[in-house]
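For reference, the structure discussed in these notes is given below.
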Amino acid sequence: MEILQIRRFRRLRSHAGIRDLLQENHLDPKHLVLPVFVHDERESQEIVGLPGHYRLSPPEALNYIRDSLGLGIRAFSVFPVVPQLSKDMQGSEALNREGLIYRTLKLIRGQLPEALLIADVALDPYTTHGHDGVLDVKTRDVDNDATVAILEKMAVYLAAAGAHFVAPSDMMDGRIYAIRSALNANGFHQTGIISYAAKFASCYYAPFRSAIGSATGTANYLDKRTYQINPANIREAIRECKQDEVEGADILMVKPAGHYLDVIHCLRQNTMFPIAAFQVSGEYAAICAAAEKGLLYRSQAAMESLIAIRRAGADFIFTYFAREVAELLRG
Ligand code: PBG
């Protein structure tokens, strides 16, 4: 018999109803984490490179999060923007318990207990050189163990200030175990760890780095290749994830997301742990720029980029499109 008589795929695409019944993967506001930037100024300030995103004062951030909860977004990743004058070689401000991030978390946790709060653990918002750890003066490389000793304290302070999850984004060896131990030793057994486990040395973090002022060179490039993973490597990424499972991570993250769907997919087949993906600032900026030029249809590009990340196997996604997509999904 002629093949067209038997198999017609278009039958299952012929009506919106059947298309809906058969949709394999879904996107919902509850799958999205919204990044929120705070600074110690009264006035909000739009972030160049992240159109539609602002550095907010803590009270403004509170309103922004309240409003976003209304859109169905459940989780927020709060990033501090620290003035250059408060930065130093060691990132000392990271352990100032009166500092911006701790005050902000306390405020939000107190006022909006229904918001799930995630806080990065890394020194880059606090160091003059923009690296995620302290620099060894001799080698000019990040000093792994000295950094971990700071990060474990920072994680405890973040938990005490109200973070539900801490998210080590520094890529130092052994930090997950150190942070888990420190949290437990201080009674924070219920504070979870989202490990930036497969974090690549990507140029796509540039708008984020300009947002927090952690790099000022050409296109905000900063060489982090001695600790972040080579974009050419997938086996190494899976080994990092396996290690973080053993060390006590609760959730494993792949970052960036869009160019690393194979890593998400491979990890999905190699772990029973929940997987997060971070659609980073450069991914967002690229879509915004193309849409602004009339080259891409912005909302469709946003939705397609996110459903692809879900299809690859991510349970949830950090994305600068969170609010926009939540609004679209609500119709
Ligand atoms: C800091 C950190 C970075 C991002 C999240 N946490 C930048 C970096 O590692 O240089 C990037 C997020 C984004 O680009 O949206 N450790």
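Derivation of every value follows stated rules applied to the coordinates shown; laboratory data play no part. Being a predicted model, the structure only gives us computed values, none of them experimental. Backbone-built Cβ (ideal geometry, glycine too); neighbour counts: all protein chains shown.
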Most mobile of Ala215, Ala201, Ala16 per a Gaussian network model of the chain (Cα springs, under 10 Å)?
Ala16
With both partners inside the range 26-329, how many of the DSSP beta bridges are antiparallel, as a percent to the nearest 5?
10 percent
Using only Cα atoms, find the angle between the long axis of helix 298-312 and the longest principal axis of the chain, and express it within 0 to 90 degrees, rounded to the nearest 10.
90 degrees
Can you work out ³J(HN,Hα) from phi for every residue in the range 249-261, in order, using Karplus 6.51 cos²θ - 1.76 cosθ + 1.60 and θ = phi - 60°, giving whole Hz and x for Gly and Pro?
5, 9, 9, 10, 10, 10, 7, x, 10, x, 8, 10, 4
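Between Thr216 and Ala185, what length comes free when the chain is fully extended (0.36 nm per residue of separation minus the Cα-Cα distance, one decimal in nm)?
Details: separation 31, 0.36 × 31 = 11.16 nm, distance 3.85 nm.
7.3 nm is the gain from fully extending Thr216 to Ala185.
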Taking 0.36 nm per residue of sequence separation and subtracting the Cα-Cα distance, how much length would be gained by fully extending the chain between Ser44 and Asn63, in nm to one decimal?
5.6 nm
Describe numerically, in nm with one decimal, the distance between label points set 7 Å from Cα along Cα→Cβ at Ala308 and at Lys106.
4.4 nm
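Within the range 262-304, report the trypsin sites (Lys or Arg not before Pro) that DSSP leaves as loop and that have at most 11 other Cβ atoms within 10 Å. Walk me through the numbers before you get to the answer.
Details: sites: Arg268, Lys293, Arg298; in loops: Lys293.
In loop regions of the range 262-304 (DSSP not H, G, I, E or B), the sparsely surrounded trypsin sites (Lys or Arg not before Pro) are Lys293.
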Beyond 32 Å, what share of the Cα-Cα pairs of the chain remains, rounded to the nearest whole percent?
27 percent
Final fewest-first order of His129, His259 on the 10 Å Cβ neighbour count is His259, His129
Between the range 258-298 and the range 29-98, how many Å separate their Cα centres?
21 Å
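Please give the length that would be gained between Leu85 and Ile6 if that part of the chain were fully extended, namely 0.36 nm times their separation in residues minus their C-alpha to C-alpha distance (nm, one decimal). Working shown, then result.
Values: separation 79, 0.36 × 79 = 28.44 nm, distance 7.15 nm.
Roughly 21.3 nm would be gained on extension.
Taking the range 8-122 on its own, what percent of its Cα-Cα pair distances exceed 19 Å?
Summing the P(r) tail past 19 Å for the range 8-122 gives 56 percent.
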5 Å is the cut-off here: which amide hydrogens, built 1.01 Å from N in the peptide plane, fall below it relative to Gln45, excluding neighbours closer than 5 in sequence?
Arg55
If you plug each phi of the range 237-244 into the Karplus form 6.51 cos²θ - 1.76 cosθ + 1.60 with θ = phi - 60°, what whole-Hz ³J(HN,Hα) values come out, in order, with x for Gly and Pro?
5, 5, 4, 4, 5, 4, 5, 5
Give me, ordered by chain and number, the residues 5 or more places off Val36 or on other chains with an amide H under 5 Å from its own placed amide H.
Ser77, Val78, Phe79
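Sorting Val254, Val33, Val121 on the 10 Å Cβ count, fewest up front, what's the list? Intermediate results must be reported in sequence, preceding the final value.
Numbers: Val254 30, Val33 24, Val121 27.
With the sparsest Cβ surroundings first, the list reads Val33, Val121, Val254.
Sort the following peptides by mean Cβ neighbour count (other Cβ atoms within 10 Å, averaged over residues), highest first: 177-183, 208-214.
208-214, 177-183
Based only on other Cβ atoms within 10 Å, what is the fewest-to-most ordering of Glu43, Glu327?
Working: Glu43 10, Glu327 13.
The most exposed by this proxy come first: Glu43, Glu327.
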Would you kindly derive the ³J(HN,Hα) couplings of the range 132-148 from the backbone phi angles with the Karplus curve 6.51 cos²θ - 1.76 cosθ + 1.60 (θ = phi - 60°), listing them in order in whole Hz, with x for Gly and Pro?
7, x, 7, 8, 6, 4, 5, 8, 6, 10, 5, 7, 4, 6, 5, 5, 4
